[in-house]
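K.L.:
Below is the structure I would like to discuss, written out as structure tokens.
The values are calculated or read from the model by the stated rules, or taken from the named source; none is laboratory data. Every value quoted in this text rests on a predicted model; they were computed, and no experiment measured them. Glycine also receives a Cβ, built like all others from the backbone with ideal geometry; neighbour counts cover every protein chain displayed.
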Amino acid sequence: MCGITGILHFQHLTDPESRVKKMNDALAHRGPDAEGFYHDPCISMGHRRLSIIDLSDAANQPFHDPYGRYVMVFNGEIYNYKELRQKLSDYPYHTSSDTEVLMAAFIKWGIGCVQEIKGMFAFAVWDKRTETLWLVRDRMGVKPLYYYHGNGLLAFASEKRALMTSDLFAKKTNPNAIADYFSFQSSGYPDTMIEGVHRVKAGTWIKADRHALQCETYWRLGNIQAEQKITKDEVQGQLFELMNRSVSSRMMTDVPLGAFLSGGIDSSSVVALMQLHSGNNINTFNLSFTEKNYDESHYANIIAKRFGTKHQTHVLNPDDYVAQVESALDAMDSPTMDGVNTYVLSTAIRKAGIKVAMSGIGGDELFVGYPNFLQYRKVMMGKSGYLVSLLGRKVGAKFLRLSNNDRNYRLATVLDIVNPSLKELYPALRRVMSPDIISRLTSLKSNHQQWKKILEAEVNRSSQVGYFSQYSIAEYMGYTQQTLLKDSDQMSMAVGLEIREPFFDHELVEFVLSLNDEMKYPHYPKQLLVETLDPLLPGEIVHRKKQGFVLPWDSWMKNELNDFCSSAINSISERDFINGPELKRHWKRFLAGDSSVRWTEPWLFVVLSHWLNKQGIS
């Protein structure tokens, strides 16, 4: 796990070496163990290393092949590197790292190596002979990779903040991406909040040379085919094998390993399978709150006791959090509503001496863990009746909007859809702030047409799969890639912690998405997963009310964080795209206990305000 940087410059560029050095410095948190550079007349590349596999200096990067042709910088882990090393045994290895296996694979198969490697990765390869740069990102989009292309050059980095230190472009905000942020708590592909900075799409490579920039997607969620004939016993057998293999392959490390343990089904499943493969008691970590309504430590303790883990519970009170909040927001490469949760627990785990932690994120998206899955299926299965009731739905939507409540507005948006489809329903079900509130508090427009076109194109490829799988694909392209995985990476790597997520194994995802709705229907939470792992998970974990990993923001913002939030609200109120007086009134209504103003609305402005000021964006 690392950070990578580089500038490809076929035309004259002033001092590229120092620019890449500044970019690398901006990623010091991602790789505190080593730093390296490569420079030639066409390109400068940098690397920051967090040593996980083969801790020797020989595995440092940039990594050179033994024949003098290729230079590579790599962020991530190749989970099948040992198997690949056996297949590529004619390569003259001098390390035991997965980086060298990746280099051997690229030499053998070229860009076709992406079909052979399994893992989470973002890497760049410079071919000195052909003067060609390859940028590659993993299938599920677990590892980030951003780029700027313009003025005769191509710059890339693991984080946007590194690109912004290069002084290659003006730091201007992208209004469309900010509108996406207020709607969905993050900006969607391909835009970022910085004009001209893009993210490499998941499952995609970019080829750049003197003549052109070529982009190709080598793996798509929409290409998954529905499984036609398979019994429930066969499903559970294959699913257990895939889950078991996914967890065991992610346990390879030369440094201490731990696991997030909330006490929910997903993290408990990962811990249960980890213990099957561990000869020692594994390290597990839980975040506990003094506010009992948010505390899940009781359930985490049940799982820790059942599997004999070395368990640590970190109790967080408001004073502790106030002391960390600014550091957490400083760590954000992209503003987000949820990421602080991951930062707090990652900090505690890293202080315990752990460099790699397993996480259960992704289980909800794969095993129908959100109510939105059932809502989407219900609408689509009753589509004919839904179309007939258009007039009644319009009347109902009008009355719901009168309540001035964002939840009711979201339902009204669903009722207003004339011809229900995934591209229309998913944004309506996932929205965190209504267009009316956004237009009242800002001058931004939030129609998301570009994002809907991308979603529609992907879903059209997957029309054979069931409604649950269709919605999973939307989740992966939307909330998962744009928020969940991005938060997981930026907030853990901010403290030098590598997170591995077994539920994002692409073979596991392909299999579960190929199953029909009946096979995955959750008569109780995540029934297919639970039955597959039976009897590993106790009933009191399975049959309890779902509780998301959230902090008690509503209380804290009105009390311990009041001054901090008020200052941020006042600051962003001066921005030209903000209706300052209206935003301040909205904030006062929240402080006064107005139930129609949810904490998420002012918090989105607080986070964005802090990020804009921190990055020096005018």
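K.L.:
For Lys172, all conditions in the list (1) surrounded by fewer than 17 Cβ atoms within 10 Å (Cβ to Cβ); (2) out of contact with any Ser or Thr (no Cβ under 9 Å at 6 or more places or on another chain) hold save one; what is the number of the exception?
P.N.:
(2)
K.L.:
Okay, next question. Please work out if Val495 is farther than 30 Å from Val255 by Cα, more than 11 Å from the chain's Cα centre (by Cα), of a type in the set (Val, Ile, Thr) and modelled with pLDDT of 95 or more.
P.N.:
Numbers: farther than 30 Å from Val255 by Cα: no; more than 11 Å from the chain's Cα centre (by Cα): yes; of a type in the set (Val, Ile, Thr): yes; modelled with pLDDT of 95 or more: yes.
Here the answer is no, as Val495 does not meet what is asked.
K.L.:
In the set Asp127, Asp98, Asp90, Asp138, which member is on the phi < 0 side of the Ramachandran plot and surrounded by fewer than 16 Cβ atoms within 10 Å (Cβ to Cβ)?
P.N.:
None of the other options fit; the residue is Asp90.
K.L.:
Here is a follow-up. Could you look through the range 460-476, keep only residues that are over 17 Å from Val379 (Cα atoms) and either small (Gly, Ala, Ser) or at pLDDT below 75 (or both), and pick out the one that is surrounded by the fewest Cβ atoms within 10 Å (Cβ to Cβ)?
P.N.:
Of everything passing the filter in the range 460-476, Asn460 is surrounded by the fewest Cβ atoms within 10 Å (Cβ to Cβ).
K.L.:
Tell me the helices (runs of 4 or more DSSP H) entirely within the range 92-193 that contain at least 1 residues that are assigned by TED's automatic domain parsing to the domain that holds Glu507.
P.N.:
No helices (runs of 4 or more DSSP H) qualify here.
K.L.:
Here's a follow-up. Give me a count of the residues in the range 191-200 that are farther than 18 Å from Cys113 by Cβ and either in contact with a helix residue (DSSP H, G or I) (Cβ under 8 Å, 6 or more places away or on another chain) or crowded, with 20+ Cβ neighbours inside 10 Å (or both).
P.N.:
Taking the range 191-200 first, the residues farther than 18 Å from Cys113 by Cβ are 191-199.
Next, from what is left, pick out any that are either in contact with a helix residue (DSSP H, G or I) (Cβ under 8 Å, 6 or more places away or on another chain) or crowded, with 20+ Cβ neighbours inside 10 Å (or both): 191-194, 197, 199.
Adding up the residues that qualify gives 6.
K.L.:
Pull up the range 230-255, narrow it to residues that are out of contact with any Lys or Arg (no Cβ under 6 Å at 6 or more places or on another chain) and outside any helix (DSSP H, G or I), then point me to the one that is nearest to Asn286 (Cα to Cα). First the steps, then the outcome.
P.N.:
Of the residues in the range 230-255, the ones out of contact with any Lys or Arg (no Cβ under 6 Å at 6 or more places or on another chain) are 230-249, 251-254.
Next cut, outside any helix (DSSP H, G or I) only: 230-231, 251-254.
Details: Ile230: 38, Thr231: 37, Met251: 19, Met252: 22, Thr253: 22, Asp254: 23 Å.
Only one residue fits best here, namely Met251.
K.L.:
Considering only the range 66-96, state which residues are closer than 21 Å to Pro502 by Cα and small (Gly, Ala, Ser). Give the steps one after another, and end with the answer.
P.N.:
Kept after step one, since they are closer than 21 Å to Pro502 by Cα, are these residues of the range 66-96: 74-84.
Correct list: Gly76 only.
K.L.:
Here's a follow-up. In the range 199-215, which residue that is among the charged types (D, E, K, R) and in a strand (DSSP E or B) is modelled with the lowest pLDDT?
P.N.:
Of the residues in the range 199-215, the ones among the charged types (D, E, K, R) are 199, 201, 207, 209-210.
Then drop every residue that is not in a strand (DSSP E or B), which leaves 199, 207.
On the way: Arg199: 94, Lys207: 98.
Looking at residues that are among the charged types (D, E, K, R) and in a strand (DSSP E or B), I get Arg199.
K.L.:
If you don't mind, there's one more thing I want to ask. Among (1) in contact (Cβ under 8 Å) with a residue 12 or more places away in the chain; (2) of a type outside the set (Gly, Ala, Ser); (3) surrounded by fewer than 17 Cβ atoms within 10 Å (Cβ to Cβ), which single condition is Phe260 missing?
P.N.:
(3)
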